[in-house]
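The values are calculated or read from the model by the stated rules, or taken from the named source; none is laboratory data. A quick note: this is a predicted structure, and the numbers were derived from the prediction, not measured. Note that each Cβ is placed from the backbone with ideal geometry, even for glycine, and that neighbours are counted across all protein chains shown.
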C-alpha cells in the first residue's frame, strides 16, 4: 500500500480544531481537490502560507456544508477544524500540494486551574466588546480545549500559530492571558483610529463671510 498523503490548502489563515472556516473555492486545483474530498468527507490540511513557504504545523479540516455551487464549479462552503498535524514531507504529484503528516494532540491531559479559565474568558469578553470578528459559530466556553475557541477572536496570525502548536491546554491559556492585555490595548487603539480617521481632513469648508450692508 502506498504512502498516504493529506491534501494541503495553504492560506493566509490559521485554522484551529473545532472551529469553522468559510471558504470560497475558485482555483481549478482546489475545485479538483474538493471534488475528490466532499463525497467521502475526507480531510484536507490547512497550513499558513508565508512569503518563504508554508509553516510545518497545521490543522486538518472536513467540509461541514456546501453553501452554494456555481455553474463554473466554484463553491462556497464551511469547513471545520479537526486534528493538528506536523508536515513530514511534501508531494507535488497532483495539481494541488499534498503532504505526509504526523498528527498530534496534547502531551498529557491535566486539569486546567479554574482561575486560569476564568481569566481567559474575562479577557475574551473584553476583546469581544472592542470588535466583532467574522465568527461563524459561537465559541463554546465549556469546551475542554477552551483555548482554541477563544483564539478565534485573535487576528494576529503568528499568535494563532503559537496557540495551535502548543501541546498543553494550560500552556495555551497562560499564553493567551499573557498576551491579551497588550493585544486588547492595540486593538482599542486601532478601533479608535478607524473612528477618528473620517473626521480628519475631510471637513467641508463653510465660508463665514457675509455681504456688508450698504
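Among the residues of segment 1-36, the ones that are over 24 Å from residue 172 (Cα atoms), at pLDDT below 95 and crowded, with 17+ Cβ neighbours inside 10 Å come to 0 in all.
Within segment 40-64, restricting attention to residues that are more than 16 Å from residue 82 (Cα to Cα) and at pLDDT below 95, which residue is surrounded by the fewest Cβ atoms within 10 Å (Cβ to Cβ)? Steps first, answer last, please.
Taking segment 40-64 first, the residues more than 16 Å from residue 82 (Cα to Cα) are 49-56.
Filter once more, keeping what is at pLDDT below 95: 50-53.
Values: 50: 13, 51: 4, 52: 6, 53: 10.
Looking at residues that are more than 16 Å from residue 82 (Cα to Cα) and at pLDDT below 95, I get 51.
Can you name every residue in segment 1-31 that is part of a strand (DSSP E or B) and touching a helix residue (DSSP H, G or I) at 6+ places or on another chain (Cβ under 8 Å)? First the steps, then the outcome.
As a first pass, look at segment 1-31 and keep what is part of a strand (DSSP E or B): 6-11, 20-25.
Of everything in segment 1-31, those that are part of a strand (DSSP E or B) and touching a helix residue (DSSP H, G or I) at 6+ places or on another chain (Cβ under 8 Å) turn out to be 7, 9, 25.
The number of residues in segment 156-180 that are free of Cβ contacts under 8 Å to residues at least 24 places away in the same chain and either out of contact with any helix residue (DSSP H, G or I) (no Cβ under 7 Å at 6 or more places or on another chain) or not assigned by TED's automatic domain parsing to the domain that holds residue 190 (or both) comes to 3.
Do we have residue 83 as touching a strand residue (DSSP E or B) at 6+ places or on another chain (Cβ under 9 Å), surrounded by fewer than 19 Cβ atoms within 10 Å (Cβ to Cβ) and at pLDDT 95 or above here? Don't jump to the end; show me each part of the working.
On the way: touching a strand residue (DSSP E or B) at 6+ places or on another chain (Cβ under 9 Å): yes; surrounded by fewer than 19 Cβ atoms within 10 Å (Cβ to Cβ): yes; at pLDDT 95 or above: yes.
Here the answer is yes, as residue 83 does meet what is asked.
Only a single criterion out of (1) within 21 Å of residue 4 (Cα to Cα); (2) under 17 Å from the mean Cα position of the chain (by Cα); (3) without any contact (Cβ under 8 Å) to a residue 40 or more places away in the chain is not satisfied by residue 39, namely (2). Output the number of residues of segment 83-102 satisfying the condition of being within 23 Å of the chain's Cα centre (by Cα) and assigned to a loop (DSSP other than H, G, I, E, B). Result for segment 83-102: 2. Considering the conditions (1) loosely packed, with under 13 Cβ neighbours inside 10 Å; (2) at pLDDT below 90, residue 128 is excluded by exactly one of them, (1).
When you scan segment 8-24, do you find a residue that is out of contact with any strand residue (DSSP E or B) (no Cβ under 9 Å at 6 or more places or on another chain), touching a residue at least 60 places away in the same chain (Cβ under 8 Å) and over 30 Å from residue 177 (Cα atoms), even just one? Scanning segment 8-24 turns up no residue that is out of contact with any strand residue (DSSP E or B) (no Cβ under 9 Å at 6 or more places or on another chain), touching a residue at least 60 places away in the same chain (Cβ under 8 Å) and over 30 Å from residue 177 (Cα atoms).
For segment 103-117, a residue qualifies if it is loosely packed, with under 10 Cβ neighbours inside 10 Å and either at pLDDT below 95 or assigned to a strand (DSSP E or B) (or both), and the qualifying residues are 108, 111, 114. Where helices (runs of 4 or more DSSP H) fall wholly inside segment 134-214, the ranges with 2 or more residues that are modelled with pLDDT of 75 or more and exposed (fewer than 13 other Cβ atoms within 10 Å of the Cβ) are 169-196. Scanning segment 56-85 for residues that are within 25 Å of residue 102 (Cβ to Cβ) and touching a helix residue (DSSP H, G or I) at 6+ places or on another chain (Cβ under 6 Å) yields a total of 2.
If you go through segment 68-82 one residue at a time, how many are in contact (Cβ under 8 Å) with a residue 12 or more places away in the chain, assigned to a strand (DSSP E or B) and farther than 30 Å from residue 167 by Cα? Steps first, answer last, please.
Keep residues of segment 68-82 that are in contact (Cβ under 8 Å) with a residue 12 or more places away in the chain, which gives 73-82.
Now narrow it down to the ones that are assigned to a strand (DSSP E or B): 75-82.
Remaining after also requiring farther than 30 Å from residue 167 by Cα: 75-76.
Residues that pass the stated criteria total 2.
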